[in-house]
Each structure stands twice: as structure tokens, then as C-alpha cells.
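The values are calculated or read from the model by the stated rules, or taken from the named source; none is laboratory data. Fair warning: this is a prediction, and the values are worked out from it, not measured in the lab. For neighbour counting, all protein chains shown are included, and Cβ atoms are generated from backbone atoms with ideal geometry for every residue, glycine included. Just the protein is used for accessible areas: all its heavy atoms, side chains included, with ligands, DNA and RNA removed. Shrake-Rupley method; radii C 1.70, N 1.55, O 1.52, S 1.80 Å.
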Amino acid sequence: MTVTIGSLTFDHATYDARGDVLYLHIGERQTAANSEATPEGHVLRFNGRGEVIGVTIINAKWLLQHDHAINITVPEHVVVSADALSEAFAAA
């Protein structure tokens with residue numbers, strides 16, 4: 001299962017249905033050296049080299065139900081469709 005958002009491809013997904021939070025990460029889980037909030041309220045996680053290793057999408061299903069897409073800046077602004085995330089929700 002992979003999810004591509006902009007130029008990033010995530011190969012792991014965990015969805016917390018109670019909190020409506022979708023966690024995507026690249027490669028094996030690792031502790032982030034740094035994190036940064038996006039203008040939309042999501043969180044990017046970076047390794048020690050400054051590379052994105054994960055993203056936390058807040059209110060993921062709610063946004064898809066109400067806006068039919070998720071806007072996220074990773075670092076460029078990207079609109080993510082429900083189809084692009086369907087495998088992530090199914091795998092989580």
C-alpha cells in the first residue's frame with residue numbers, strides 16, 4: 001500500500017478512527033528529529049537530514065466528507081482526493 005501526496009510517497013498508514021487522525025510514514029517508523037505544523041493544521045515529521053518521514057492528517061475523514069479533498073502543504077500545497085487515501089484507510 002502506498003499513498004502519494006505531492007512529491008512524497010508514503011508506504012505505511014495508521015488510522016485512529018476515534019480521533020479521526022491519519023498517520024502516514026515513509027519506511028520503518030523512526031523518531032522524528034523535528035516536526036512542523038502545516039498552514040492547514042496537519043503535522044509534518046522530519047528526520048535529522050530534514051527529509052519528510054511522516055505526516056499526521058488531522059480530521060482526515062471529516063475533511064473528505066465535507067470538502068471531498070484534503071488540502072495540505074508538504075512543502076508545496078497539494079489537494080489530496082478521497083481516492084488517493086482509500087487504501088490508507090482500508091489498511092489502517
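Of the strands (runs of 3 or more DSSP E) lying entirely inside segment 4-48, those carrying at least 1 residues that are without any contact (Cβ under 8 Å) to a residue 40 or more places away in the chain and more than 18 Å from residue 86 (Cα to Cα) are 34-37, 43-46.
Within segment 51-70, one or more residues are out of contact with any Ser or Thr (no Cβ under 7 Å at 6 or more places or on another chain), open to solvent by less than 50 Å² (accessible area, probe 1.4 Å), not hydrophobic (A, V, I, L, M, F, W, C) and not in a loop (DSSP other than H, G, I, E, B).
Among the residues here, residue 90 qualifies as open to solvent by 20 Å² or more (accessible area, probe 1.4 Å), at pLDDT below 90, within 18 Å of residue 16 (Cβ to Cβ) and in a helix (DSSP H, G or I). The residues of segment 1-21 that are modelled with pLDDT of 95 or more and either in contact with a His (Cβ under 6 Å, 6 or more places away or on another chain) or surrounded by 13 or more Cβ atoms within 10 Å (Cβ to Cβ) (or both), listed by number, are 20, 21.
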